[in-house]
Protein chains: 2
Amino acid sequence: MYKCSLERMKDKIATFSQFGDAGHGGITRYSLSPAALQARNEFERRMTAIGATIEVDDVGCMYATINGSDPSLKRIVMGSHVDSVKNGGNYDGILGVMSAMEVLETVVEQNIPHKHPLTAMIWTNEEGSLYPPAMMCSGIICYDYLPEDIRGKFKFEDMMKSKSILDNKSTFGEALEKSGYKGDKKYRISPDNYKCMFETHIEQGPILEDAGNDIGVVDCVLGMFNYRVRFYGQTVHAGTFPMPKRRDAFYAASLALCYIHEEIDKLGISDLVYTTGEVVCHPCVHTCVPDFFDFSIDARHEKPEVLEKVLAIVKSCAEKEWNGCRCEVEKAWNRDTVYWDKELVSYVKEAAEEIGVSHQYIHSGAGHDAQFCAYMIPTTMIFVQSKDGLSHCEPEFSYPEHCTSGATVMLNAVLKADKVD
Amino acid sequence: MYKCSLERMKDKIATFSQFGDAGHGGITRYSLSPAALQARNEFERRMTAIGATIEVDDVGCMYATINGSDPSLKRIVMGSHVDSVKNGGNYDGILGVMSAMEVLETVVEQNIPHKHPLTAMIWTNEEGSLYPPAMMCSGIICYDYLPEDIRGKFKFEDMMKSKSILDNKSTFGEALEKSGYKGDKKYRISPDNYKCMFETHIEQGPILEDAGNDIGVVDCVLGMFNYRVRFYGQTVHAGTFPMPKRRDAFYAASLALCYIHEEIDKLGISDLVYTTGEVVCHPCVHTCVPDFFDFSIDARHEKPEVLEKVLAIVKSCAEKEWNGCRCEVEKAWNRDTVYWDKELVSYVKEAAEEIGVSHQYIHSGAGHDAQFCAYMIPTTMIFVQSKDGLSHCEPEFSYPEHCTSGATVMLNAVLKADKVD
């Protein structure tokens, strides 16, 4: 039983929280931004200090590797991302990188015997906040292994042309060239040289906190669908057009949203989540009745049969007229539930038990690079309790004690994986 | 009884519809844009051709004047605007300018005796589509006469600094300088040199068409209030946060919008209009529950006591909790009903009767430059039937016969006003 260092973890949290510090408790650290390059430099500095070898692949993913006793064995990799959403917090992504570093630092400091080379990794551009889509580089690297309908979104050439949401002009490819972090394709993580992958991440929900557990043993990433629900009305002048003849698309969407909530509530599925987070309103001026309103609906659950029931309700909106408006329901994408490697999950569970940290099984509702990686090599995740369940916002917080426990669990799970050639 | 020319009106409609032609039936002709300058040049060309004198004031308003028989009398002015909303139609605003030109052309061609100088006028930047606010230059010119709470919005210095909605940088003042249409303040319309004002405009609603009347004798501009209804929730991740703990501001706003419709419907006020046209959603991404949603509500009715009842319903939203979200209701502005000058209205009514054009009394639900002008000098409006009640959109249409009838009614009403010194 080996333990990671609370003091060293605290120091890493304090250090990395400076890179992109927005001045009110959180960070904005877009992928390949100056703040992200600071984080990468700090990663390199700390890993070089413990004797790790640094490699960078052609999409900027960084790998810091320490040797094991058997040079013929594949690497065991731990990693996550250093980029954040706009006005995000100090834990999402970076905790997985800090935990991987902490594991390597502990192994070196305590001279812990291990056979496999161990690698701490930074996945480039997980959030896709500046250059969409999310999980861009795990999508590129795992391309050949992804299900066909997902794969189409991640063509290398298309990704290089992804435009900045800030200027709608400069591309991810240009940012990569400029960053100095465009390395060699030969260094990409692949089944040829990597045995398995661990990703530690904050939970981003309140389940662990509510249950009083510090650590989540993650068993899967939930399946989901993402649709657009669109309403077509007629723009008329706010002052001149009698109410009975109006076809107001915003009011139509509101009626439909209330209907969707009512109908889904009737299903009584306690662990379903669904979100209508993005809206488009046209022409969106106070003197015009909207002729178009569009909202996203994202629903997540482990069981496909549950998602089908929910989707049937969403689709039924298109069969009705809403305040005189026509409704269309269009698929954006969906994905099946991705289960983690059973053996790796059992290592995490055993490690948590042996350490005596409070824990439970949990699903991941959010997508992570690990999810694409799982199509390529055995993969699993470890969750750390999130305070108030908040994430993707500045108050995002996890106690350093829990963060350290997460790293300790990962360390001991990795050592279990190390025992198997 | 004098009549305007259908052929000449058709020619003007065809000509002016080219300036800013968006290629699919309508125009985009922002104030002081190249397309608007083409319209101004054409106005000058046609008015100079009939011997009118052209003047331009310091905010770009243009005045084309023909003399009357008594040089000591004040001018009678007819006018509207040449600017449009984005993807607007070929009638809103420009019809009033074309009608004013048509009246002057008819007076000159038929050598119609009149005592007062007669002026056709272009008000600058009525729509405020590129440089807000709407009715900017009538606001500036009528500043001293406006009610105090309206006036504050139209300070000359502030208006010159109004930024383009396209680049959020270039200002109205800069555009005015560049346009070559910054003239002399001494030419501004004022009670010293102008007796009264007529504005012909499309109805922008379906009331005349539904009643089978070509022309509206407008008696007032409806009073209105404009408020913002805001909902404050909590952003959480779409995949990780259980439904019962969510505080979704978009869902909250939808519930409240349905409540507002239900409660206002119960009042049973058939001639009330209210519109929720502008929305703001934050952070507006499909993977986040919105923590903020805000919609405008614009309600219009002749009677203040009716508007008070409606406002009480809107304000009651702030006393409730909506899906765990707090609600705030904030006033943007309101205005009282502005009644047109009774004598001028009677001239329009008599002219319509004498000509034998089908007509009715009607309120204006929309704001117009005439409404600010009415605080300064006697003012009235004439409406022309709108096909399907559509406006501020490309299908906006009025029959040339109705447009010509509108000009004929204005001509004969102006001649009635001309009889009174």
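Would you check if A:L104 is over 17 Å from the mean Cα position of the chain (by Cα), modelled with pLDDT of 95 or more and closer than 15 Å to A:G79 by Cβ? Here the answer is yes, as A:L104 does meet what is asked.
Against the definition (under 21 Å from the mean Cα position of the chain (by Cα) and under 30 Å from B:E353 (Cβ atoms)), how does B:G20 come out, yes or no? The answer is no for B:G20. Restricting attention to the stretch A:227-260, the residues that are facing chain B (nearest Cβ under 7 Å), in a helix (DSSP H, G or I) and of a type outside the set (S, T, N, Q) total 7. With respect to A:I189, is the statement that it is assigned to a strand (DSSP E or B), touching a Cys at 6+ places or on another chain (Cβ under 9 Å) and more than 14 Å from chain B (Cβ to nearest Cβ) true? The answer is no for A:I189.
Considering the stretch A:134-154, and only residues there that are over 10 Å from A:Y375 (Cβ atoms) and of a type in the set (A, V, I, L, M, F, W, C), the residue that is surrounded by the fewest Cβ atoms within 10 Å (Cβ to Cβ) turns out to be A:A134. Going residue by residue through the stretch B:207-226, is there one that turns out to be crowded, with 24+ Cβ neighbours inside 10 Å, within 9 Å of chain A (Cβ to nearest Cβ) and farther than 30 Å from B:F293 by Cα? Within the stretch B:207-226 (the criterion being crowded, with 24+ Cβ neighbours inside 10 Å, within 9 Å of chain A (Cβ to nearest Cβ) and farther than 30 Å from B:F293 by Cα), the answer is yes, since at least one residue qualifies. Filtering the stretch B:286-297 to residues that are facing another protein chain (nearest Cβ under 9 Å) and farther than 17 Å from A:F293 by Cβ leaves B:T287, B:C288, B:V289, B:D291. Remark: pairs (first residue in the stretch A:104-122, in contact (Cβ under 8 Å) with a residue 40 or more places away in the chain; second residue in a loop (DSSP other than H, G, I, E, B) and among the aromatic types (F, W, Y); Cβ separation under 7 Å; 6+ apart in sequence or on different chains) = A:T106/A:Y2; A:Q110/A:Y2; A:I112/A:Y2. Report yes if some residue within the stretch B:80-103 is at positive phi and free of Cβ contacts under 8 Å to residues at least 60 places away in the same chain; otherwise report no. There is no residue in the stretch B:80-103 that is at positive phi and free of Cβ contacts under 8 Å to residues at least 60 places away in the same chain.
For the stretch A:83-103, what are the residues that are buried (at least 23 other Cβ atoms within 10 Å of the Cβ) and in a loop (DSSP other than H, G, I, E, B)? Steps first, please.
In the first step, residues of the stretch A:83-103 are kept if they are buried (at least 23 other Cβ atoms within 10 Å of the Cβ); the result is A:83-85, A:88-103.
Those that are buried (at least 23 other Cβ atoms within 10 Å of the Cβ) and in a loop (DSSP other than H, G, I, E, B): A:D83, A:S84, A:V85, A:G89, A:N90, A:Y91, A:D92, A:G93.
Count of the stretch B:37-61 residues, restricted to those that are under 23 Å from B:S164 (Cα atoms), touching a Ser or Thr at 6+ places or on another chain (Cβ under 8 Å) and surrounded by 23 or more Cβ atoms within 10 Å (Cβ to Cβ), is 3. If the condition is being within 22 Å of A:R29 (Cβ to Cβ) and either hydroxyl-bearing (S, T, Y) or within 12 Å of another protein chain (Cβ to nearest Cβ) (or both), then the stretch A:365-387 contributes A:A366, A:G367, A:H368, A:Q371, A:F383, A:S386.
May I ask you to verify whether A:Y194 is out of contact with any helix residue (DSSP H, G or I) (no Cβ under 7 Å at 6 or more places or on another chain), buried (at least 20 other Cβ atoms within 10 Å of the Cβ), among the hydroxyl-bearing types (S, T, Y) and closer than 30 Å to A:L104 by Cα? Talk me through it step by step, then tell me what you get.
Working: out of contact with any helix residue (DSSP H, G or I) (no Cβ under 7 Å at 6 or more places or on another chain): yes; buried (at least 20 other Cβ atoms within 10 Å of the Cβ): yes; among the hydroxyl-bearing types (S, T, Y): yes; closer than 30 Å to A:L104 by Cα: yes.
In short, yes.
Restricting the stretch A:267-281 to residues that are part of a strand (DSSP E or B) and out of contact with any helix residue (DSSP H, G or I) (no Cβ under 8 Å at 6 or more places or on another chain), which is farthest from the other protein chains (Cβ to nearest Cβ)? Talk me through it step by step, then tell me what you get.
First, the residues of the stretch A:267-281 that are part of a strand (DSSP E or B): A:273-275, A:279-281.
Checking which are out of contact with any helix residue (DSSP H, G or I) (no Cβ under 8 Å at 6 or more places or on another chain) leaves us with A:275, A:280.
Numbers: A:T275: 4, A:V280: 9 Å.
Of everything passing the filter in the stretch A:267-281, A:V280 is farthest from the other protein chains (Cβ to nearest Cβ).
Would you mention how many residues in the stretch B:307-337 are under 23 Å from the mean Cα position of the chain (by Cα) and modelled with pLDDT of 95 or more? Lay out the reasoning, then the answer.
Residues of the stretch B:307-337 under 23 Å from the mean Cα position of the chain (by Cα): B:307, B:331-337.
Narrowing the set further to residues that are modelled with pLDDT of 95 or more leaves B:307, B:331, B:337.
Of the residues in the stretch B:307-337, 3 are under 23 Å from the mean Cα position of the chain (by Cα) and modelled with pLDDT of 95 or more.
Looking at B:F250, B:F198, B:F241, which one is of a type outside the set (K, R) and closer than 22 Å to B:K320 by Cα? Outline the logic, then answer.
Values: B:F198 fails: closer than 22 Å to B:K320 by Cα; B:F241 fails: closer than 22 Å to B:K320 by Cα.
Residue meeting the stated conditions: B:F250.
Hey, can you tell me all the residues within the stretch A:324-366 that are in contact with a strand residue (DSSP E or B) (Cβ under 6 Å, 6 or more places away or on another chain) and assigned to a loop (DSSP other than H, G, I, E, B)? The answer is A:D336, A:T337, A:W340, A:D341, A:V357, A:G365, A:A366. A Cβ distance below 8 Å, combined with a sequence gap of six or more or placement on separate chains, defines the contacts here; from the stretch A:241-252, residues that are assigned by TED's automatic domain parsing to the domain that holds A:R326 reach residues that are acidic (D, E) in the pairs A:P242/B:D271; A:R247/A:D291; A:A249/A:D291. Answer yes or no as to whether A:I264 is more than 30 Å from B:L390 (Cα to Cα) and within 14 Å of chain B (Cβ to nearest Cβ). Answer is yes for this residue.
Run down A:S296, A:S316 and say which single residue is surrounded by fewer than 16 Cβ atoms within 10 Å (Cβ to Cβ) and hydroxyl-bearing (S, T, Y). Give the derivation first.
Numbers: A:S296 fails: surrounded by fewer than 16 Cβ atoms within 10 Å (Cβ to Cβ).
Only one candidate passes the filter, namely A:S316.
Residue-level check: of (1) of a type in the set (D, E, K, R); (2) within 14 Å of chain A (Cβ to nearest Cβ); (3) in contact with a helix residue (DSSP H, G or I) (Cβ under 9 Å, 6 or more places away or on another chain), B:K86 misses just (3). Of all residues in the stretch A:347-366, exactly one satisfies the criterion of being of a type in the set (S, T, N, Q) and closer than 19 Å to A:C196 by Cβ, namely A:S364. A:E157 fulfils the conditions (1) acidic (D, E); (2) in contact with a His (Cβ under 7 Å, 6 or more places away or on another chain); (3) surrounded by fewer than 19 Cβ atoms within 10 Å (Cβ to Cβ) except for a single criterion, (2).
Counting residues that are at pLDDT below 95 and charged (D, E, K, R), which helices (runs of 4 or more DSSP H) fully inside the stretch B:136-182 reach at least 3? Talk me through it step by step, then tell me what you get.
Details: elements: B:136-141, B:148-151, B:156-160, B:172-179.
Those helices (runs of 4 or more DSSP H) span B:148-151.
Listed here are the residues, each with its yes/no results for (1) in a helix (DSSP H, G or I); (2) more than 14 Å from every other protein chain (Cβ to nearest Cβ); (3) over 30 Å from B:T287 (Cβ atoms); (4) of a type in the set (A, V, I, L, M, F, W, C).
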{"residue": "A:R8", "(1), (2), (3), (4)": "yes, yes, yes, no"}
{"residue": "A:F19", "(1), (2), (3), (4)": "no, yes, no, yes"}
{"residue": "A:L32", "(1), (2), (3), (4)": "no, yes, no, yes"}
{"residue": "A:T48", "(1), (2), (3), (4)": "yes, yes, yes, no"}
{"residue": "A:E55", "(1), (2), (3), (4)": "no, yes, yes, no"}
{"residue": "A:V59", "(1), (2), (3), (4)": "no, yes, no, yes"}
{"residue": "A:S80", "(1), (2), (3), (4)": "no, yes, no, no"}
{"residue": "A:E105", "(1), (2), (3), (4)": "yes, yes, yes, no"}
{"residue": "A:K115", "(1), (2), (3), (4)": "no, yes, yes, no"}
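The values are calculated or read from the model by the stated rules, or taken from the named source; none is laboratory data. Bear in mind that the values here come from a model prediction, so they are computed numbers and not experimental data. Using ideal geometry, Cβ is built from the backbone for each residue, glycine included, and neighbour counts are taken over all protein chains shown.
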